[in-house]
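Worksheet: the structure to be examined is printed underneath.
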Amino acid sequence: MDDGSSLTMEPPKPHQPGTHLTSGKLVLSLFIVGVAGIGLLIGAIARPDEWYQQLVKPGFNPPGWIFAPVWTVLYILIAIVGWRVWTLSRNRFLKPLWVIQMGLNFLWSPIFFSLQSIGGALAVIVALLATILIFICYGWTRDRVSAAMFLPYLAWVAFATLLNLSIYRLNQGVSS
């Protein structure tokens, strides 16, 4: 007779419909809030100041107001790709690539604006551009949706790399 005090293991409960979907939405939400939140926080802390205003910039330098909306959209795409890589992909190479590009992405603004190192930021953004390109090329045959979602990011970072390079060349001697 079982009085309820014995240690018995219950059989696993059958899969509840929608449970995985609900937890997947939660994880996706956490990725979006985390990536966009950290990115926008870094952008708010390491922002253009008087030093940046005094730099010589190329004619194709966009107005300052464009950066926040562009990066918000890009961070949402980056977060969705991160979620896909972490939850859907069994590929072990895409995860470290995603983490590396995220780290490089988060490093650029503090190096450029806070440390005022145009050359240091240029090195970081070139590495970021290469990492995004490797992610897309490698991911194209393994997770085409994620690779395609990185195309706008690649385009913007390529433009930002050209902008960083131009600012570097126009202001040689101003900073490293």
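The values are calculated or read from the model by the stated rules, or taken from the named source; none is laboratory data. This is a predicted model, so every value here is computed, not measured. Ideal geometry is used to build each Cβ from the backbone, glycine not excepted, and the neighbour counts take in all protein chains shown. Note: accessible area is taken over every heavy atom of the protein model, side chains too, but ligands, DNA and RNA are not part of it. Shrake-Rupley method; radii C 1.70, N 1.55, O 1.52, S 1.80 Å.
Values as computed for the structure displayed
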item	result
Separation of the Arg144 and Leu165 label points, Cα + 7 Å toward Cβ, nm	3.1
Options Val126, Val85, Ser109, ranked by Cα towards positive dipole end of region 83-176, top entry (Cβ charges)	Val85
Residue-averaged [θ]222 nm for the chain, counting only DSSP H segments that reach four residues, each worth -39500 (n - 2.57)	-22000 deg cm²/dmol
Whole-number D in µm²/s for the chain (Stokes-Einstein; Kirkwood sum over Cα pairs; 25 °C, 0.890 mPa s)	133
Full-extension gain in nm, Ala130 to Ala44, via 0.36 nm per residue minus C-alpha separation	28.4 nm
On Cα atoms only, tilt of 19-45 relative to the major axis of the chain in degrees	20
Pairwise FRET efficiency - Leu151 versus Tyr52, Cβ, R0 = 30 Å, nearest 0.05	0.60
Region 83-176: relative contact order as a whole-number percent, Cα under 8 Å and 6+ apart	30
Peptides 151-157, 55-61, 73-79 ordered by average Cβ neighbours within 10 Å, highest first	73-79, 151-157, 55-61
Per residue, in Å², the accessible surface of the chain once ligands and nucleic acids are set aside, probe 1.4 Å	60
For region 97-150, the Rg and Dmax computed from alpha carbons only, in angstrom	12.7, 39
Fraction of alpha-carbon pairs over 19 Å apart in region 71-134 - percent	36
DSSP loop trypsin sites (Lys or Arg not before Pro) with at most 11 other Cβ within 10 Å: longest gap in the chain	1-89
Percent carbon-and-sulfur accessible area, region 70-151, ignoring ligands, DNA and RNA, probe 1.4 Å	71
